[in-house]
Amino acid sequence: MRIMIVGAGSLGLLFAAKLAAYCERLTVITRTREQAGELAGQGLEFNDADGCQKLKQNESLEFGYFIEEEQKAAVATNSKPYDYIFLMVKQPAITKELVDYLDNHMDERTYLLCFQNGMGHEEKLGEVIDSHRLLLAVTTEGARRDGFTRVSHTGHGVTYIGSMQHSEEIDPSAHFLLVELLGKAGFQSEMSKNMDVRIWSKLIINAVINPLTAIMRVTNGELLNTTSSMSLMEALYQEAYAVALAQGVALPDRLWESLLGVCTATSQNHSSMLQDIENSRPTEIDRINGSLLAIANKLNMKLPTHETVYLLVKALE
Ligand SMILES: NC(=O)C1=CN([C@@H]2O[C@H](COP(=O)(O)OP(=O)(O)OC[C@H]3O[C@@H](n4cnc5c(N)ncnc54)[C@H](OP(=O)(O)O)[C@@H]3O)[C@@H](O)[C@H]2O)C=CC1
Ligand SMILES: CC(C)(CO)C(=O)C(=O)O
């Protein structure tokens, strides 16, 4: 299979490191020449519970870049199109220029798989990309990038893949090979016909874990250590759950237990929002807690705890 990964951050490098051995061609696209150069020169270092591994650029693994400001891109030319492009950037990075770049690398058999926390990605992408070629993914895998070329797998999770608006049109068998490939690489993955439920479930999990870890500067696991942080988690959870119910979303029965399970499975992880704060980058708070607040506002619902954490993260940004 031929895959392009756009975004060489925590998740992008994790998937690149684990998929490389199983792809006919894997291209990783960074945002800077420097990172692509270091990856090509030094290789990609991957750490997990089994130890450390280094992947060198070779005929099936290559590193390129797309510099939006200069409209400059470099990737080895190759006549065969990609089967999948994995979009692994944060939501604010999905600009018109990036979407055009993605579109230019797709033909009629390429699917774009957008990994997301929060909401609103498919609207931005759908303006250019044909909705039948657009797949969404949510994952509870945990990853942390250290420097340009090193990534650690900080927690195992599940990855769900499907489409938002056209779920009934998605033929899961069409993506059997992708699910099989992800499985071989060590990612538990499933096609889902209920992506709205998956996206809402993940949204709620992120709307609880991410702002609290970013504000308190703790790992996901440390949230479980005190009754005060557990009370905050519960308050955020209850408020978000009420919004989903009011929207008519049939959330899974044991979502609270799943949320606690994510904290345990990724206990050493710095959430993506904490990583953003630590690196002085804009966070995805607008797409996560901000999305919930916007929906609640339309429904005349008040979410005082979400409002507070939203403002605190904005202040930290
Ligand atoms: N980290 C985690 O454990 C998890 C993350 N997620 C979600 O996955 C997505 C990716 O998250 P994560 O990997 O943590 O984010 P990171 O910020 O670590 O990585 C995003 C990467 O995208 C790069 N990028 C930004 N713009 C462009 C562009 N125009 N072209 C190419 N690359 C670009 C950034 O480059 P640069 O570094 O140069 O700024 C960065 O390396 C997010 O939606 C996140 O919410 C979901 C589950 C877990
Ligand atoms: C699953 C979790 C909470 C892992 O840290 C995540 O999605 C994130 O960090 O954004």
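Any read-out appearing in this document is the output of simple, stated calculations on the displayed coordinates, not a laboratory observation. What you see is a predicted model, and the numbers here were worked out from it, not measured in a lab. Because the Cβ atoms are built from the backbone with ideal geometry, glycine has one as well, and the counts that use them run over all protein chains shown.
Between the alpha-carbon centres of region 115-159 and region 275-300 there is a gap of 16 Å. By the count of other C-beta atoms within 10 Å, a proxy for reagent exposure, 224, 311, 260 are ordered fewest to most as 311, 224, 260.
Within the same chain, lysines fewer than 8 places from residue 96 are excluded, and of the rest, those with a Cα less than 29 Å from its Cα are 72, 80, 124, 193, 202, 298, 314.
When all alpha-carbon pairs of region 230-279 are counted, what percent fall beyond 12 Å?
Details: 887 of 1225 pairs.
Summing the P(r) of region 230-279 above 12 Å gives 72 percent of all pairs.
Taken over region 40-137, the alpha-carbon convex hull comes to 140 cubic angstrom per residue. For the chain, a simple Cβ point-charge model (Lys and Arg +1, Asp and Glu -1, everything else neutral) yields a dipole of about 420 debye relative to the Cα centre. Under a Gaussian network description of the chain, with springs only between Cα atoms under 10 Å, the residue in 261, 51, 64 that fluctuates furthest is 51. Only the Cβ atoms of Lys and Arg (+1) and of Asp and Glu (-1) were treated as charged; on that basis the dipole of region 232-293 about its Cα centre amounts to roughly 80 debye. Here residue 184 is the anchor, and the lysines within straight C-alpha reach of less than 22 Å, apart from those fewer than 8 places off in the same chain, are 18, 54, 56. Helix 10-19 and the longest principal axis of the C-alpha atoms of the chain enclose an angle of approximately 50°.
Applying D = kT/(6 pi eta Rh) to region 175-317, where Rh is the Kirkwood radius over alpha-carbon pairs, T corresponds to 20 °C and eta to 1.002 mPa s, the Stokes-Einstein value obtained is 134 µm²/s. Of the residues 132, 247, 216, the one whose Cα sits farthest toward the positive end of the charge dipole of the chain, with +1 on the Cβ of Lys and Arg and -1 on the Cβ of Asp and Glu, is 216. Using θ = phi - 60° in the Karplus curve 6.51 cos²θ - 1.76 cosθ + 1.60, the 3J(HN,Hα) couplings for region 282-293 round to x, 9, 9, 4, 5, 7, 9, 5, x, 4, 4, 5 Hz; x is entered for Gly and Pro. Shape descriptor for the chain: Rg over Rh equals 0.95 (Cα atoms; Rh from the Kirkwood inverse mean 1/r).
The modelled label-to-label distance for the pair residue 123/residue 250, using points 7 Å beyond Cα in the direction of Cβ, is 2.6 nm. From the largest down, region 1-62 spans 30, 26, 20 angstrom on the principal axes of its Cα atoms. Take the Kirkwood radius over Cα pairs of region 93-187, plug it into Stokes-Einstein at 25 °C and 0.890 mPa s, and you get 165 µm²/s for translational diffusion. Our coupling estimate for region 136-150, obtained by passing each phi through the Karplus curve with A = 6.51, B = -1.76, C = 1.60 and θ = phi - 60°, is 10, 9, 10, 9, 10, 5, x, 9, 9, 8, 10, x, 6, 10, 10 Hz, Gly and Pro reported as x. For region 180-189, putting each phi into the Karplus relation 6.51 cos²θ - 1.76 cosθ + 1.60 with θ = phi - 60° gives couplings of 5, 4, 4, x, 4, 6, x, 9, 5, 9 Hz, in residue order, rounded to whole numbers and with x for Gly and Pro. The angle between the Cα long axis of helix 255-265 and the longest principal axis of the Cα atoms of the chain comes to about 50 degrees, rounded to the nearest 10. Along the axis of the charge dipole computed for region 2-193 (Cβ charges of +1 for Lys and Arg, -1 for Asp and Glu, origin at the Cα centre), the listed residues 8, 88, 176 are led at the positive end by 8. For residue 64, nonlocal amide neighbours, meaning residues 5 or more places apart or on other chains whose placed amide H falls under 5 Å from its own, are 28, 29, 30. Against the main long axis of the alpha-carbon atoms of the chain, helix 195-216 sits at an angle near 80°.
Protection proxy ranking, highest mean first, for peptides 133-143, 289-299: 133-143, 289-299, where packing is the per-residue count of other beta-carbon atoms within 10 Å, averaged.
What is the dipole size for region 197-316, taken about its Cα centre, with +1 at each Lys and Arg Cβ and -1 at each Asp and Glu Cβ, in debye to the nearest 20? Spell out each step's value before the answer.
On the way: 9 positive and 10 negative charges, 50 e Å.
Result for region 197-316 is approximately 240 debye, rounded to the nearest 20.
For residue 269, the amide hydrogen comes within under 5 Å of the amide hydrogens of 220, 221, counting only partners 5 or more places away or on other chains and with H modelled in the peptide plane.
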